[in-house]
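We did not get these values from a lab; they are worked out from the coordinates using the rules stated. Just so it is clear, the structure is predicted and the values come from calculations on it, not from any experiment. Using ideal geometry, Cβ is built from the backbone for each residue, glycine included, and neighbour counts are taken over all protein chains shown.
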Amino acid sequence: MSADPQDTYAVYERQAAAYDATRSRALFEARWLTRFTASLKPGDHVLDLGCGTGEPIARWFKAEGFTVTGVDFSEAMLTIARKRWPEGDWVQADMRDFQLGQLFDGIIAWNSFFHLTADEQQDCIARMSRHLRVGGMLMLTVGPGAGETHGTVGTELVYHASLSPAGYTSCLEENGLRMTGFLAMDPETERHTVLMARKI
């Protein structure tokens, strides 16, 4: 059985409450988040791209003193985030064509970027680079190798895709970014594959 990338939006709209109820708050991501922010300082502006309901990633950045803008294409997910943080900066936009008109000190797309097709990912990396200040950090969860697969949100399948590590390296370099970390299927993050880069 396979998943259609065009179905991702509808799946998240239907499954927002189920996703939020089951999303781990254990912060297994903390080691990578700490590494990501090592060159940032409290008050710096982080873009959480594919922020979902704000748990636990946006919450972590807020607790650490960073300014956060959360972007997601799902209004159902953002509705939950806005109820938690009415004063927050929550923007409905698609990572395939977002244009925010500002630069960020860091951009993170944890468990969101890999829903794009390979071609869309390359376009998105270029768009993210244009939204990063020089020296800014980028962190993505991707796949361990090139190909397409699927995951689940609630009870439904969702599309996943990835470039190869070399493909990411080339795409990043073409867009003024240098890879600073890549770990495939990290056992300390529930086997997520994590990529980090810096705008040069």
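Per residue, the Cα convex hull of the chain amounts to 108 Å³. Applying a DSSP loop filter and a limit of 13 other Cβ atoms within 10 Å to the GluC sites (Glu not before Pro) in the stretch 45-94 leaves GLU87.
With Cα atoms defining each centre, the stretch 135-177 and the stretch 44-73 are spaced 19 Å apart in the structure. Expressed as a fraction of 2.2 N^0.38 Å, the value expected for a compact globular protein of N residues, the C-alpha radius of gyration of the stretch 27-129 is 1.01.
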